[in-house]
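Here's the structure, in C-alpha cells; my notes come after.
The values are calculated or read from the model by the stated rules, or taken from the named source; none is laboratory data. As the structure is a prediction and not an experimental result, all values here were calculated from the model. Note that we place each Cβ from the backbone using ideal geometry, even for glycine, and neighbour counts take in every protein chain shown.
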Amino acid sequence: MVHVAAKAGILPSITALKYQLADLIEPDFGLLDHLLSFHVLTPRQLADVRSERTVYRRNDVLLDLLKSEEQCDKFLKALEQTGQQHVANYVTQNGGQK
C-alpha cells in the first residue's frame, strides 16, 4: 500500500516518468476497467485508449489523460489492485530517486 505522505506531488512524477511508465504499465488486464469504475476515465476516453494498436500507445494516451492529483491517486490505487504494485512504487519513489 502506498502511504499518503508518499503520494504528495504524484502528477509531476507521472509526467516526468511518462516514457518509462509506458514501458512498464500493463493496461489490458483490469487497469482500464478500474480507472473507469473510479471515474478517472469516461467511457469515451476508455474507448480511445483501447483503440490504440500497441500497448505503448495505449499507455501514452492513458498517461496523457491524467491531469489532477486526485486522478493520479486513483491511478496508483488501480495499479495496486491489478497487481502492479511495482509500478506504483516506481512512481511514488520518482523512478528510484527518493
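Phe29 meets the conditions (1) assigned to a helix (DSSP H, G or I); (2) of a type outside the set (Lys, Arg); (3) exposed (fewer than 15 other Cβ atoms within 10 Å of the Cβ) in every case but one. The failed one is (1).
Go through the range 80-98 and give me each residue that's loosely packed, with under 13 Cβ neighbours inside 10 Å and at pLDDT 95 or above. The answer is Gly83, His86.
Would the range 9-23 turn up any residue that is surrounded by 14 or more Cβ atoms within 10 Å (Cβ to Cβ), among the β-branched types (Val, Ile, Thr) and touching a residue at least 60 places away in the same chain (Cβ under 8 Å)? Yes, there is a match, as at least one residue in the range 9-23 is surrounded by 14 or more Cβ atoms within 10 Å (Cβ to Cβ), among the β-branched types (Val, Ile, Thr) and touching a residue at least 60 places away in the same chain (Cβ under 8 Å). Of the residues making up the range 37-47, those that are crowded, with 16+ Cβ neighbours inside 10 Å and part of a helix (DSSP H, G or I) are Gln45, Leu46. Against the list (1) touching a residue at least 12 places away in the same chain (Cβ under 8 Å); (2) exposed (fewer than 13 other Cβ atoms within 10 Å of the Cβ); (3) in a helix (DSSP H, G or I), the condition Lys77 fails is (2).
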